[in-house]
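One structure is given below, encoded as structure tokens.
The values are calculated or read from the model by the stated rules, or taken from the named source; none is laboratory data. Treat the numbers as computed from the prediction; the structure is a model and nothing was measured. Cβ placement follows ideal geometry from the backbone for every residue including glycine, while neighbour counts extend to all protein chains displayed. Areas reflect the complete protein model, heavy atoms only, side chains present, ligands, DNA and RNA absent. Shrake-Rupley method; radii C 1.70, N 1.55, O 1.52, S 1.80 Å.
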Amino acid sequence: MALSKPSRKLALHRSITILEGRVSKEMGEILVFINLQEKCWVILLECCTIARKDEKVSERKEKGYALIDKSVIQKEQVEQKGGYKRGPPPVGTKSKAPEVNGFEIFDGMKWGIEVKDDIKASLDSDYLDNKELQFFKFLPESYRRFVIEPKNNEEKDLIGNINFTPIESPDQQAKFASPMQFKVEIPEETVRAYFKPEYVPEEPKPEKEKPKLDFDFNLNQKEEKKDEPFVPRFKPIPNTVMERLMRTSRKPIICKSTCV
């Protein structure tokens, strides 16, 4: 049929792309998790199939995350030119019913992310560089994670919202899910703990060294003897031995004197 009418050849290629996407379609859902620590608030956005939802929720809860219930925002009704103030909506305007129990997801689907109201994304996150959540069918996970913080310095209950808006890509003309909104509620106690200044212990000042005094309180301890030069000691020699040693064989010299 396409060959008989060359004008349909281009449309045939486009229809194949749509059919391939619909053949690989799955039912999925967007999950939003939050982890509120004292000085760090983390938001995790994840898109997964319905079959893996319970697994993902259990896995995130083990890591300290809590699941946020979602509320679906219906698409705004298309108003005709001139507007209608009262009465029923004009014939021909339809609004898509919100998907509560999941919706069709395809590989490469994208949603625009917007954080608003009482919370904002921290500058430490990559939220300002990439405000999209994309589903990757052939990857184990499709999620975004970033740090949030209070928009103002008021210590009160905070109510923030995270909005998701489907982004249609040129190669997929399928009808995406309705826009969604997730409500983030943070109690005042958690906000007070967030603004509470951290306790930094003061470093102890170095003490001046006191002069050491040498006192000998052990009176029973004997004083050590000072080193004295060694003096050899000899035993006394008996008189008999001295006489024998002093004895000589020479004759005594006699001095003759003359008398005058």
Scanning the range 109-140 for residues that are of a type in the set (D, E, K, R) and touching a Pro at 6+ places or on another chain (Cβ under 7 Å) gives D118
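Quick grid of which residues meet (1) open to solvent by 60 Å² or more (accessible area, probe 1.4 Å); (2) part of a helix (DSSP H, G or I); (3) charged (D, E, K, R); (4) at pLDDT below 90:
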position: S15; (1), (2), (3), (4): no, yes, no, yes
position: G21; (1), (2), (3), (4): no, yes, no, yes
position: M27; (1), (2), (3), (4): yes, no, no, yes
position: L45; (1), (2), (3), (4): no, no, no, no
position: K56; (1), (2), (3), (4): no, yes, yes, no
position: G64; (1), (2), (3), (4): no, no, no, no
position: E76; (1), (2), (3), (4): yes, no, yes, yes
Residue in the range 169-186 that is in a loop (DSSP other than H, G, I, E, B), at pLDDT 60 or above and exposed (fewer than 10 other Cβ atoms within 10 Å of the Cβ) present:
yes
Taking the range 127-142 and keeping only residues that are of a type in the set (D, E) and either in contact with a helix residue (DSSP H, G or I) (Cβ under 6 Å, 6 or more places away or on another chain) or modelled with pLDDT of 90 or more (or both), one is left with E132, E141
Apart from one, (1) free of Cβ contacts under 8 Å to residues at least 24 places away in the same chain; (2) open to solvent by 60 Å² or more (accessible area, probe 1.4 Å) all hold for E198; the odd one out is (1)
